[in-house]
Amino acid sequence: MKSVQDTYLLHNGVAIPCVGYGTCDTDGEVTVRSVKCALQAGYRLIDTAMFYKNEESVGKGIRESGVPREEITVVSKLWNYDHSYEKAKKSFQESLERLGLDYLDLYLIHWPIPKNEQENYIENNRETWKAFEELYHEGKIKAIGVSNFKPHHLEEIMEGATVMPMVNQIEFHPGWTQMETVNYCKAHHIAVQAWSPFSSGELFRMPEISEMAKKYGKDPGQLALRWIFQHGVIPLPKSVNPERILSNTQIFDFEITPEDMAYIDSLQGGGWCADPDKPEF
């Protein structure tokens, strides 16, 4: 692959870009400008969520970018208090209206276990997934998946499912790899996306990463994104700085050695390191 516009094929044949642009913790005109900038810099996957409260701004940025809608993979997510068949359908439609779109390219269940529904979460997830399957078969979503699901959460939802998840978006960065989940997903043909690839900014305070980045003539962010990419995972970097938005696409002109990959794999700590089995929302 040579650019952020190159794609993988999901198990249903839908193409998904190998790098995306994240929008968490931004809103308003900042989001509009950043989404436009990202698309003009070459990104073709934009990630948002109902919980981010910026879907309207993301949609406006997409429309103002000048990039044809059919060239863009738009991702959103169902929030925790909407886990049920009826609520999921209603929430999806509301996200679509806020974005100003006719369909979504990818829709995810944001977290497996809502804090206030821990006892019934398995049944609620299965009912939610039925709604996702129907929306998928109706052509309103091109691909469906989950976020922050461990292997046992995936097994619970796949039992009785007619459409298997196509994507699992998880926290993945130097210091927090969740390789058990990554390997499980790869074995079951589920693509993995990485949120918080810069470990909530902690990456830039890791001297091991800074020193290795110099070796490759890159900055720490580019090194981390390349490391994620070489693991076969789709990174979703976020920045509102136009220069950083562009530099985060420049990861295809070098390759990390196996020895350095293993060293980065061995690093510990940094970032949120969230445990989906201990819900905080």
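Each value in this text was obtained by applying a stated rule to the coordinates, not by laboratory testing. Here the structure is a predicted model, which means the values were calculated and not measured. No Cβ is skipped: glycine too gets one built from the backbone with ideal geometry, and neighbour counts run over all protein chains shown.
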Grab the other residues whose beta carbon is less than 13 angstrom from that of residue 145, score K and R as +1, D and E as -1, and report the net.
-1
Candidate lysines - alpha carbon under 23 Å from residue 53, same-chain residues fewer than 8 apart omitted:
36, 77, 87, 89, 90, 115, 140, 142, 238
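Provide the percentage of antiparallel DSSP beta bridges, counting only those with both residues in the chain; round to the nearest 5. It would help to have the intermediate numbers written out before the result.
Details: 4 of 27 bridges.
Just about 15 percent of them are antiparallel.
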The range 93-107 versus the range 234-281: alpha-carbon centroid distance in Å:
27 Å
Using Cβ counts within 10 Å as a stand-in for footprinting exposure, how do 216, 52, 8 rank, fewest first?
8, 216, 52
Using only the Cα atoms of the range 225-279, build the gyration tensor, take square roots of its eigenvalues as a ≥ b ≥ c, and label the shape rounded, prolate or oblate: rounded if a/c is under 1.5, else prolate if a/b is larger than b/c, else oblate.
oblate
Cα-based reach from residue 60 at 15 Å (exclusive), listing aspartates and glutamates while leaving out same-chain residues under 8 positions away:
27, 29, 47, 97, 102
For 76, 34, which order do you get if you count the other beta carbons within 10 Å of each Cβ and list the fewest first?
34, 76
Restricting to DSSP H runs of at least four residues, report the calculated mean residue ellipticity at 222 nm for the chain, -39500 (n - 2.57) per run over all residues, nearest 500 deg cm²/dmol.
-11500 deg cm²/dmol
Round to the nearest 10 and give me the degree value, 0 to 90, for the angle of helix 85-99's Cα axis relative to the longest principal axis of the chain.
50 degrees
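Can you tell me how the range 199-249 classifies by the Cα gyration tensor, rounded, prolate or oblate, using a/c under 1.5 as the rounded cut?
The shape class here is rounded.
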Env charge @ residue 87, Cβ radius under 13 Å, K,R +1 / D,E -1, value -2
